[in-house]
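Below is one structure, written out as structure tokens, with a few remarks after it.
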Amino acid sequence: MSGGKCKSSGDVAGTAKKRHAIIMETEVKIIERVERGEKMLSIAHSYNMNHSTIGTILKNKDKIME
């Protein structure tokens, strides 16, 4: 009987999550979906990203849409 918790290799304290570049087309699609009234959380789940990333994309909407 083991009393310790089992950690996966990516669940070690101190390791950062790798960043992935989001292409411009994806950012434009995300902005369009938010403007249509879709919830940020459901969009984030569909693209497998954090909802705060969606908020950052919306914050930079003017720069993205240029």
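The values are calculated or read from the model by the stated rules, or taken from the named source; none is laboratory data. Values in this document were obtained by computation on a predicted structure and should not be read as measured data. Every residue, glycine among them, receives a Cβ derived from its backbone with ideal geometry; neighbour counts consider all protein chains shown. Note: accessible area is taken over every heavy atom of the protein model, side chains too, but ligands, DNA and RNA are not part of it. Shrake-Rupley method; radii C 1.70, N 1.55, O 1.52, S 1.80 Å.
State to the nearest 20 debye the size of the charge dipole of the range 24-65 about its Cα centre, where the only charges are +1 on K and R beta carbons and -1 on D and E beta carbons. Provide the component values of the computation, followed by the final result.
Details: 7 positive and 6 negative charges, 21 e Å.
Roughly 100 debye, rounded to the nearest 20.
Using θ = phi - 60° and the Karplus relation 6.51 cos²θ - 1.76 cosθ + 1.60, list the HN-Hα couplings for the range 50-60 in order, rounded to whole Hz, with x at every Gly or Pro.
Each residue's phi maps through the Karplus curve to give 6, 5, 5, 5, 4, x, 5, 4, 5, 4, 9 Hz.
Tell me, what HN-Hα J-couplings in whole Hz come from the Karplus equation 6.51 cos²θ - 1.76 cosθ + 1.60 at θ = phi - 60° for each residue of the range 14-23, using x for Gly and Pro?
My calculation for the range 14-23 gives x, 8, 8, 6, 5, 8, 10, 6, 9, 6 Hz in order.
Once neighbouring chains are kept in place and the probe is 1.4 Å, which whole percent of the accessible area of the range 24-65 is contributed by carbon and sulfur?
Values: 1520 of 2980 Å².
Carbon-and-sulfur percentage of accessible area, whole number: 51.
Could you work out the percent of alpha carbon pairs in the range 24-65 separated by over 12 Å, rounded to a whole number? It would help to have the intermediate numbers written out before the result.
Working: 442 of 861 pairs.
When every Cα pair of the range 24-65 is considered, 51 percent fall beyond 12 Å.
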